[in-house]
Amino acid sequence: EASQEIFKIASMAPGALLLEAQKEYEKESQKADEYLREIKDQKLLPEAVSQCIEAAGYEHEPDTQKSLLRAASFGKCFVDAFPPESFVRMCQDLRVLNAVRDYQIGIPLTFTQYKRLTIEVLLDRLVLRRLYPLAIRICEYLRLSEIQGVSRILAHWACYKVRRHLGGVLPDRGRAETLPPVPLQVQQKDKSDEEVAHAINQKLGDTPGISYSEIAARAYDCGRTELAIKLLEYEPRSGEQVPLLLKMKRSKLALSKAIESGDTDLVYTVVLHLKNELNRGTFFMTLQNQPVALSLYRQFCKHQERETLKDLYNQDDNHQELGNFHVHSSYS
């Protein structure tokens, strides 16, 4: 409606007069003052500015959008305390829309569709098309939260790279005049798992909201066990590392990680998992190599499995503790 009011033939709408005033001002013509006075006399200047801002959203040609926004900016100069939020928001929305309308992207959204979809849904569509650089640039431009924006997109990108493990560059799409792409690239062809994991870490770093365990789980699901283990090296939370290592049948590595974390509950979880997974002799030998785990298991056996404690003392040839055990048992 705003566009029709402004651009219809012989329109006298306040937005149309303001647009003409701005054009005459650029020509350095005194007619600009006449148009402005006519709008101000009717006390319709704020309405004229709002009309130009609204009309810009419904135009697809960038030149027309710019012309209407210039007119709105020109009119704002003569309005006391005009709130800038609507103007700024429209500029942001149009930059995003022009970026996705580009022929290389091919998402010809209207302003109404964009508002109903929401920016989150639009980002999801870009991610599904693997247009990661453009999605990241939009997040940065709109200053979306890390977890809602960049972190989520980088996590999708990492999972895609793990799944495909193809050499290549993130697509360089989008116009320079709208939202220039981010130069994210990871050459993965003919690279080792360690190099791929390092390349992913170089891009993701310590970005808030990124879970390396989720990316590692995706790698494991795709049959890339060694890559998953390398990715877990960058996961700072042991509570996320250990369960996945157990799932991957890397129990001894999980035990080492649990001990390094200093979390006794985590150590007990791995020890009991090892007990069920290994035969008795191998289990005892594994604990011999991990004094912390052995000490904790002894504490567990003292309260839960007294006979197993006797077997541990026999395994260690610890005759003194074995004697103490029998003396204590005789009083029970």
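As a test of reading the structure, rank Arg125, Arg224 by solvent-accessible area (1.4 Å probe, protein chains only), most first.
Ranked from most to least accessible, the order is Arg125, Arg224.
Sort Met285, Met248 by heavy-atom solvent-accessible area, probe 1.4 angstrom, most to least.
Sorted by accessible area, descending: Met285, Met248.
What's the ranking of 253-261, 203-211, 287-295 by average number of surrounding C-beta atoms within 10 Å, highest first?
The most tightly packed comes first, giving 253-261, 287-295, 203-211.
Under the 0.36 nm per residue contour assumption, what length would be gained going from the current alpha-carbon distance of Glu1 and Gln113 to full extension?
So the extension gain works out to 38.7 nm.
Count neighbours as other Cβ atoms within 10 Å of each site's Cβ, and list the GluC sites (Glu not before Pro) in region 1-87 that are DSSP loop with at most 11 such neighbours.
Qualifying residues, ordered by number: Glu1, Glu28.
Quick one: which of Lys27/Lys76; Lys76/Lys115; Lys66/Lys161; Lys8/Lys76; Lys8/Lys40 span more than 29 angstrom between C-alpha atoms?
Distance filter (> 29 Å) returns Lys66/Lys161.
The values are calculated or read from the model by the stated rules, or taken from the named source; none is laboratory data. Everything numeric in this text was worked out from a predicted model, so none of it was measured. All Cβ positions, even for glycine, are placed from backbone atoms using ideal geometry, and neighbour counts span all protein chains on display. What goes into the accessible areas is simple: the full protein's heavy atoms, side chains included, and nothing from ligands, DNA or RNA. Shrake-Rupley method; radii C 1.70, N 1.55, O 1.52, S 1.80 Å.
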